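These notes concern the structure reproduced below.
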Amino acid sequence: MLLNLFFWQSAIVQLLLLTGFGLLCYALAMGYLRLLRHRHRNLSRAVPAPTFVGTIATAWALALGFVAADVWAARANADQALSEERSAIIRLVGIAEEDALGLPEIMSSIADYKHEVEEKEWGTGLNRVPVASVDASLQRIRVEIVKLAREGIPSPLIGKMTRDFDELQDARNKRLAIGNSSVSTHKWNLVLFLTLLSMVAIAATHADRPAAARNALGIFMVAAVVSLWFLALHATPYSGSAGIRFDELTLRSEG
């Protein structure tokens with residue numbers, strides 16, 4: 001839940017929160033370093049080998065890579081779902097326009113669909129759950145297609161509209177599925193934990209050289225914060241400063 005709230009924040013707020021997390025990890029690591037120096041007079045026996053840092057840092061890098069792969073895959077799938085939804089609506093509009101079959105009821109239902117998606121599913125719902133008013137707009141389109149079949153419209157046209165309508169529903173369902181499951185909280189929690197553990201490992205291996213420990217921790221903290229920030233900007237495809245905007249679904253539905 002806290003992670004979801006974090007991803008809904010602006011880019012600046014996310015950067016500030018991650019910087020605060022980095023500083024907290026830095027403080028905890030330095031506290032551990034001071035504890036080691038206080039409890040062990042002979043630091044040569046307490047300080048891990050320098051190569052130990054690589055063990056934890058490698059685990060951190062792998063976890064970060066897994067999160068990055070999820071983020072870029074979700075973004076690519078979200079772009080594809082948007083393209084499919086836009087294409088399906090364009091094809092339905094093309095058949096329903098005045099200079100084609102002239103179906104004002106379907107044109108009106110498509111306009112309602114876009115409005116409800118913008119205001120409720122995309123807006124307040126962040127594409128996480130289906131909204132009843134959007135379902136109602138789809139049902140009106142479905143009913144109009146059934147009426148056309150009863151009125152003797154050529155079956156190839158009815159079949160084409162039915163396929164386009166089915167693709168619209170599939171694209172919408174795909175969009176909602178991506179919006180609901182794009183963030184893997186377990187993987188993000190693992191990355192955050194390993195970030196802290198990596199900084200503790202850096203402090204431990206530099207316990208006999210406090211100045212070097214501060215420099216190493218500072219460099220790693222900047223690298224970790226910036227890396228996590230860039231991933232956080234794209235973690236939720238439909239929200240945040242780098243999220244896909246509804247404007248990209250704007251279509252010529254008014255004829």
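Quick note: the coordinates plus some simple rules give every number you see, no bench work behind them. No experiment lies behind these values; they were computed from the predicted model shown.
Observations
- Distance histogram in 5 Å bins (all Cα pairs of the range 56-138, percent per bin): 3, 13, 14, 17, 14, 10, 9, 6, 5, 4, 2, 1, 1, 0
- 0 to 90° range, to nearest 10: angle between helix 52-96 axis and the chain longest Cα axis: 10 degrees
- Derived scalar couplings ³J(HN,Hα) [the range 133-140; Karplus, 6.51 cos²θ - 1.76 cosθ + 1.60; whole Hz; x for Gly, Pro]: 5, 6, 4, 5, 5, 5, 5, 5
- Size of the range 97-255: Rg and Dmax of its alpha carbons, in Å, are 25.2, 87.
- Helix 185-205 vs. the chain, principal-axis angle (Cα, 0 to 90°, nearest 10): 20 degrees
- Folded to 0 to 90 degrees: helix 155-181 orientation relative to the chain principal axis, Cα: 20 degrees
- Its Kirkwood hydrodynamic radius, worked out from the mean inverse distance over all distinct Cα pairs, puts the range 1-158 at 21.5 Å.
- GNM flexibility winner over the chain from H234, H115, H186 (Cα, springs under 10 Å): H186
- The Cα-based radius of gyration and maximum Cα-Cα distance (Dmax) for the range 99-154 are 13.4, 41 Å.
- Max mean-square fluctuation residue, GNM over the chain, Cα-Cα springs under 10 Å, options R75, R209, R86: R209
- Candidates L101, L15, L23: whichever shows maximal mean-square fluctuation once the chain is modelled as a Gaussian network with Cα springs under 10 Å: L101
- The range 123-173 - Debye-derived log10 I(q)/I(0), Cα point model, q = 0.14, 0.26 Å⁻¹: -0.43, -1.00
- Computed Rg/Rh of the range 205-249, alpha carbon atoms with Kirkwood Rh: 1.37
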